[in-house]
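Chemist: Shown below is the structure under consideration.
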Amino acid sequence: MANYFDCLRCGAVTEVFTTVPLCGKCGSSTGVIAKGPQGAMVTKTLRNASGTDISSDPQRPADAPELRVEPRLSVDRHGTLISGEISAPCVIQNMCTRGFLIKYPKNLPLERVLQLRCELYFEQFVECIVQVRHINREYLGARVIEINDHGRFLCERFLDERRAANLNE
């Protein structure tokens, strides 16, 4: 039975037959999300469709930090999720330029594509297209799949300022 992985570095989906997942596009061996045979998310650790942990790597200590290409920062920003003519309020809990953890208690299907609008600065909004990657009762994880240059610039500036403020605390 094959397993599928999303590369967190480049976003490619790769079918993997071994316990060492390598991205078929960029060759990365870090930061992957396991998926079952039908593409449904299984977990952030590497598990096959039957639930067996296949992520054990003797080179990596158990308390190693999360393997993200870009770390997420905690924020508390109100936003709006938009799907067609329907919009709903949400709260951004953490973010990076590649994705968001969004407090949104309504159930959305995995892979749903939505527009996200969030005010990062007074009357300066980031607008992007996101895809639902994981969900639970209160939160959803969304990967940015489309963002314009202005939105990317706003996100990068906002995150740089937050990182600098965190260093000074």
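The values are calculated or read from the model by the stated rules, or taken from the named source; none is laboratory data. It should be emphasised that the depicted structure is a prediction, and the values quoted were computed from it without experimental measurement. Glycine also receives a Cβ, built like all others from the backbone with ideal geometry; neighbour counts cover every protein chain displayed.
Chemist: If we only count strands (runs of 3 or more DSSP E) wholly inside the range 17-128, which ones have 3 or more residues that are modelled with pLDDT of 50 or more?
Modeler: 73-83, 86-96, 99-103, 113-121
Chemist: Still on this structure, please answer the following. Checking residue 129 against (1) without any contact (Cβ under 8 Å) to a residue 24 or more places away in the chain; (2) β-branched (Val, Ile, Thr); (3) over 23 Å from residue 71 (Cβ atoms), which test does it fail?
Modeler: Going through (1) without any contact (Cβ under 8 Å) to a residue 24 or more places away in the chain; (2) β-branched (Val, Ile, Thr); (3) over 23 Å from residue 71 (Cβ atoms) one by one, residue 129 breaks only (3).
Chemist: Being within 19 Å of residue 73 (Cα to Cα), in contact with a Leu (Cβ under 7 Å, 6 or more places away or on another chain) and in contact (Cβ under 8 Å) with a residue 24 or more places away in the chain: is that true of residue 101 here?
Modeler: no
Chemist: Let me ask something else about it. Condition check: within 15 Å of the chain's Cα centre (by Cα) and surrounded by fewer than 16 Cβ atoms within 10 Å (Cβ to Cβ). Does residue 136 satisfy that?
Modeler: yes
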